[in-house]
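The values are calculated or read from the model by the stated rules, or taken from the named source; none is laboratory data. Note that the structure is predicted; figures quoted are calculated from it, not measured. Quick reminder, even Gly has a Cβ in these numbers, built from the backbone with ideal geometry, and neighbours come from all protein chains shown. The area values use the complete protein model at the heavy-atom level, side chains included, leaving out ligands, DNA and RNA. Shrake-Rupley method; radii C 1.70, N 1.55, O 1.52, S 1.80 Å.
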Amino acid sequence: MATQTVNQSTAAVATQEIHTDTTVKWFLLGAVGYFAIVGIVALIIAAKFVWPQFLGSISYFTYGRMRPLHVNGMLFGWLLAADMGLAYYIVPRLCGVKLWSEKLGVATSILWNIIIVSAVVTLLGGYQKGLEYADLPTPVAVLVVIAWVMFGINIFATVATRKYEQMYVSTWYLMGTILWTAFVYLTGNFATLLPGMTGVNQANLNWMYTHNAVGLIFTPAGLAAAYYFIPRASNTPLHSHRLSMVGFWSLAFVYVWTGAHHMLHGPISQWLQTISIVFSIMLLIPVWAVVYNFIATMKGQWHQLNDNVSLKFLMSGTIFYLLTCFQGPMHSLRSVNAIVSKTDWIPGHAHMAVLGTFSFFAMAGVYYVVPRIFKTTLHSEAIANWSFWLFLIGGLGMFTALWLGGFWQGWQWNNPSIPFIDTVVALKPVWLVRFFSGIMIFSGIVLFLFNIMSTALGSGQAEAEPARS
Amino acid sequence: MLHKTDSNAMLFVGAALGLFFIGGLLTTVAPPLLDKSWGKPFENHDATKGPTGKLVAYTEQEKRGYDIYIREGCKYCHTQQTRTLESDTIRSGWKGVRSPVSTPDEFVNDYRQTFGTKRTGPDLSRIGGKYSKEWHRAHFRNPRDLVPGSIMPPFPWIAENPDELDALVAYLQTRGRAKDWRPDNDYEK
């Protein structure tokens, strides 16, 4: 493995000039912009829990319409777009060739922007499809499929023309993401609408999609970035190739079985619930294999975290990954599920996965990639450092408030002598903490946006300086 | 064997999709074939076997109400499942009567599943017949007038639109009514 990394480093320096990276620029700058725009939606939602009258009687701004916009905007506008942009950067470098087609890449980015704008308009207008995470109306979902095929063709064609025969683990994860997403997305958005797909049957497909949107789209795409950027940012070879294979192939097999754990104790066959519990516990295998590999790679290199913002995001993302993927299997135990399911604990858990882990990995990649593709240095390391601490402290504030509040809520629900409305009122302090944590996270987003845009826009003046690579 | 996939992309694609489809097909296509209650509407006339009743098709008005429920994203705050937890059957109950747990055959006509994942407001799986239309109208106009401390948004554009209000209330009154579970039969219309 060590030799492979060294070879690739040498090759990367020698072939620096072959990459034009136009597609990477389009995708990453768009993603960072949507991160900030949808961040405003997130703050409005958090405010509504504390002040329910806030923007309360305008239909477009009610919670029921803003929540799908928040979820889809963050998942597709920010995170998936950022992961795709990073894939367009990583795969050509790991293959030692140019991206197969920059024109196709830019066209994909334009289509992606059309999708996100259509999503905003349709979701606020109440044209949601009514399936969680698959809220986009069918015509928009069709555009997503087209864009995904365009992305897939570009990446697979690049892999097919590669100079290095052996593929690095990030390349597997990205190929896996493209293949699995194709089927997971079709299941959630189209198979759910087939005639006769109603009730529990539709819900089972919906949860297969929802769970695997995180497990087989954002997990492999995020891990691909982490597997690439941890060795790159620390200039250290990956600890173990064999262990990365264990992680990858166990993820490929185990994840898809667990959808029904979203309906534990609910109206779905008991034996299917039990299967989903067994496989949820088995998720610990791919997670621990990956986390051990990341931590072992950093052995003797931890001092680098002091002055390397990308590594700070990558390693705190790794710790959040370990935690969120310990929570997941534990929630699927019937006894724990009876307390935490449907409570505010769950958004705490979901945000640690999507924000704390996969957005941290994506931001690490953006901080690493943007100065390099614009052949300049980051506008401000100090501001980048500030953004990290705002994300970390705001994130921890939000996660812990929601876990404690959710657990408390679950205990109260299990005592039916407490009227339901009392369990709502009891949570107001928790939601206030969440709102202020949200302001910190949003400030982190604003600093991130400012830093990245200044780096990109200021690159013209900086060209005279020697490029840092 | 899998180490060959390191350098053979076609083999990689085959293995990645193969492993995915084992679990994918067994957990999505197989269950409805094995458990018929997923597709067969609830019907029971034998009181010794549990609650009696019959799941009936939605009327046109109820369907319009169902679409409003989807449009406004109600399911993001309200679940519709009385789980197999004692506290759920008590909380979904009414006037001291416990509600039966939800079963797949009660949801066969639901063309958009509304089970939900988050209970910011109370569960609605047995809301049908608990409150009158007048109560719902006042509640949609401003939930805090009836339930102090509630954080539900007001829905004036529904409360002030008789067509939409009637449709949405008609839909809500169907929730949980496939099973006749209240001995006094004291359901509001």
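Taking all protein chains together and a probe of 1.4 Å, list B:10, A:352, B:152 from the most accessible to the least accessible.
B:10, B:152, A:352
So which lysines can residue B:95 reach, going by Cα to Cα under 18 Å and dropping same-chain residues fewer than 8 places off?
Within the straight-line cut-off, residue B:95 pairs with B:130, B:179, B:189.
Hey, how many Å between the Cα centroid of segment A:254-331 and the Cα centroid of segment B:32-48?
Cα centroid of segment A:254-331 versus Cα centroid of segment B:32-48: 37 Å apart.
Under 17 Å Cα-Cα from residue B:36, which aspartates and glutamates qualify once same-chain neighbours fewer than 8 residues away are excluded?
B:105, B:106, B:110
Tell me the per residue accessible area of segment A:287-444 using a 1.4 Å probe; a whole number in Å² is fine.
36
Summing both sides, how much accessible area is buried between A and B? Use a 1.4 Å probe and give Å² to the nearest 100.
6700
Could you pull out the longest piece of chain A with no exposed loop trypsin sites (Lys or Arg not before Pro) in it, calling a site exposed if DSSP puts it outside H, G, I, E, B and it has at most 14 other Cβ atoms within 10 Å?
The answer is A:300-467.
With every protein chain left in place, what is the accessible area of residue A:26 in Å² (1.4 Å probe, nearest 10)?
Surface accessible to solvent at residue A:26 totals approximately 120 Å².
Quote the accessible area belonging to residue B:186 in square angstrom, nearest 10, computed with a 1.4 Å probe and with ligands, DNA and RNA left uncounted.
Near enough 50 Å² of accessible area.
Step by step: find N for chain B, compute 2.2 N^0.38 Å, then divide the Cα radius of gyration by it. What's the final number?
Relative to the rule-of-thumb radius for its length, chain B sits at 1.32.
Once ligands and nucleic acids are excluded and a 1.4 Å probe is used, how much of residue B:60 is accessible, expressed in Å² to the nearest 10?
The value for residue B:60 is about 130 Å².
Return, for the Cα atoms of segment A:122-276, the radius of gyration and Dmax in Å, separated by a comma.
Taking only Cα atoms of segment A:122-276, I get Rg and Dmax of 18.0, 54 Å.
Taking Cα centroids, how far is segment A:371-425 from segment B:73-113 in Å?
30
Computed over the Cα atoms of the protein assembly as shown, what is the convex hull's projected area averaged over all directions, in nm²?
If you wrap the Cα atoms of the protein assembly as shown in a convex hull and average its projections, you get 27.5 nm².
Run a plain Debye calculation on segment A:185-288 (Cα atoms as equal point scatterers, no solvent) and give log10 I(q)/I(0) at q = 0.20 Å⁻¹, rounded to two decimals, same order as the q list.
-1.01
Take a quick pass over chain A and tell me how many lysine pairs come in under 28 angstrom between Cα atoms, counting only ones 8 or more apart or on separate chains.
Taking chain A as the scope, the lysine pair count is 17.
Roughly speaking, what is the stretch gain from residue A:415 to residue A:138, that is 0.36 nm per residue apart minus the C-alpha to C-alpha distance, in nm to one decimal?
Between residue A:415 and residue A:138, full extension yields an extra 95.5 nm.
Check each residue of segment A:154-169 and keep those whose accessible area, probe 1.4 Å, is at least 10 Å² smaller with all protein chains in place than in the chain alone; give them in order of residue number.
A:156, A:162, A:165, A:166, A:167
For the protein assembly as shown, what % of the accessible area comes from carbon and sulfur atoms, probe 1.4 Å?
Carbon and sulfur together cover 67 percent of it.
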